[in-house]
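Beneath this line is the structure, given in structure tokens, with notes to follow.
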Amino acid sequence: MTCRSVVIDCDPGIDDAIALLAAFKAPELNIEAITVVNGNRPLETTLRNALQITELAKCPIPVFSGCWQPLVRDPLHGRFHGEQGLGACQLPAPASSAQELHAVDYLIQRCRQAGAEQSPITLCCLGPLTNVATALMIAPDIVTGIERVVLMGGAYRESGNTSLYAEFNTLADPHAADVLFRQNLPITVLPLDVTHKVMLTPEHVDALTAVAGRISPALNALMASWDRNDVRRYGSRGGPLHDPLVIAWLLRPEFFTSEKARVYVELDSRETLGRTTADWYGKTQQPQNVNVVTGVNAEKVFALFCQLFSQYQEVEE
Ligand code: BDR
Ligand code: CA
């Protein structure tokens, strides 16, 4: 088994929390750090939530606090995560604290080291791209230390989930997304086009809760809070499993299909700010720089999550 070194950049957030809990149990991932950004909730809340989730999982991965505001626009927060960002899931105040280093400085240091050692790492981005874009602007040389960026964000043939046209992570920091998509880097995106195909229905919630051992109550509260209860919009009960799909793609890319494209982010129009568009057919005569994931075998993904969460059935010492 090859083990991939990853840094998870996130804004927990209910689905970020579910993604982290799944990733912690994947032997194929060496999660070196969690970097936190303003997004679903203000930074102080997303940071506290990241610390709480690592403690719930008994997974003492270092957590770095990052950017508290987007590059240009005013902060935008999520609508579906509740005031505290983890829905109905209530966890004890964290005993641990963030590392002293700023997340952007950590990303620069770690990617530079990875580049020097010719052992590049993978960045998994589950929130607005402010931390990663800031690191790339300060230190463009770090691209040599990044094997791939795998991110949840954007909407291509699908309409937006936050404005008519834009997905939340891209709308929350469109200028940061633009910085990233201009890099000469391997990038994989999991947009709404694929995440809307994996609905976490009440039946899935029951099945995942049943196997999740000691984290069952917390996981159940997270997942139950994610139900949009909007059959007209999504075709079923439940909520789209956005961020956890990044983890699933890293572990089992064969469960997914993707298309190459050049990706652009709208920055100028007030109405369509943050809209992502894909040049699938080379009309702009620019290199196709992004692997856009558009298809998925949802039942295989759920079986994978069942297997990951069942590892929380460990015997307590
Ligand atoms: C994305 O926005 C947030 O609400 C979720 O955590 C996810 O990262 C989906 O649009
Ligand atoms: Ca997120």
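The values are calculated or read from the model by the stated rules, or taken from the named source; none is laboratory data. Please read these numbers as outputs of a predicted model, since none were measured by experiment. Note that we place each Cβ from the backbone using ideal geometry, even for glycine, and neighbour counts take in every protein chain shown. Quick note on the areas: whole protein, heavy atoms, side chains included, nothing else; ligands and nucleic acids left out. Shrake-Rupley method; radii C 1.70, N 1.55, O 1.52, S 1.80 Å.
Note on Glu83 and Glu44: the model spin-label points, each 7 Å out from Cα along the C-beta direction, lie 1.4 nm apart. May I have the count of lysine pairs in the chain with C-alpha atoms under 25 Å apart, counting pairs 8 or more residues apart or located on different chains? Going through the chain pair by pair, I get 7.
With only Lys, Arg, Asp and Glu charged, each at its Cβ (+1 for the first two, -1 for the last two), find how big the charge dipole of the stretch 4-313 is about the Cα centre; round to the nearest 20 debye.
400
Look at where the Cα atoms of the stretch 32-78 and of the stretch 127-157 average out, and the two centres are 16 Å apart. Between Ala93 and Gln307, residue separation times 0.36 nm minus the direct Cα-Cα distance comes to 74.2 nm.
May I ask for the net charge around Ala166, where only other residues with Cβ less than 12 Å from the Cβ of Ala166 are counted and Lys, Arg are +1 while Asp, Glu are -1? If you can, show how the numbers build up before the last one.
Values: positive: Arg73, Arg270, Arg275; negative: Glu158, Glu167, Asp173, Glu266, Glu271.
Result for the local shell: -2.
Summary: within the chain, the longest segment free of trypsin sites (Lys or Arg not before Pro) located in DSSP loops with at most 14 other C-beta atoms within 10 Å is 183-269.
Where both bridge residues fall in the chain, DSSP classifies roughly 30% of the beta bridges as antiparallel. Quick check on the chain: helices-only [θ] at 222 nm, where DSSP H runs of length 4 and up contribute -39,500 (n - 2.57) each and the sum goes over total residues. Nearest 500, please. Taken over the chain, the calculation gives -9500 deg cm²/dmol. Taking the stretch 165-192 and a reference point 7 angstrom along Cα→Cβ of Ser159, the backbone N atoms nearer than 13 Å belong to 165-167. Near Asp243, once Lys and Arg are set to +1 and Asp and Glu to -1 for all other residues with Cβ below 10 Å from its Cβ, the sum equals -3. Normalised by the number of residues in the chain, the average gap of Cα pairs under 8 Å and 6 or more apart makes the relative contact order 19 percent. Kirkwood radius and radius of gyration were both taken over the C-alpha atoms of the stretch 249-296, and their ratio Rg/Rh is 1.08.
Surface listing: Val72, Val301 arranged by accessible area from highest to lowest gives Val72, Val301, probe 1.4 Å. For a paramagnetic label modelled on Trp68 (point 7 Å from Cα along Cα→Cβ), amide N atoms under 14 Å away belong, within the stretch 27-51, to 37-39, 42-48.
When you restrict to C-alpha pairs under 8 Å that are six or more residues apart and normalise by the size of the stretch 74-158, the relative contact order lands at 30 percent. In terms of accessible area, using a 1.4 Å probe and ignoring ligands and nucleic acids, Leu164, Leu91, Leu151 rank largest first as Leu164, Leu91, Leu151. When the charge dipole of the chain is built from unit charges on Cβ atoms (+1 for Lys and Arg, -1 for Asp and Glu) and taken about the Cα centre, the candidate among Ile215, Val246, Gln286 whose Cα reaches farthest toward its positive end is Gln286. In this simple spin-label approximation, Asn30 and Asn184 carry label points 7 Å from Cα along the Cα→Cβ vector, and these lie 2.8 nm apart.
For the stretch 63-70, backbone phi angles converted through the Karplus equation (6.51, -1.76, 1.60; θ = phi - 60°) give residue-by-residue couplings of 10, 10, 8, x, 7, 9, 8, x Hz, Gly and Pro being listed as x. Per residue, the average separation of C-alpha pairs within less than 8 Å and at least 6 apart gives the stretch 58-204 a relative contact order of 24 percent.
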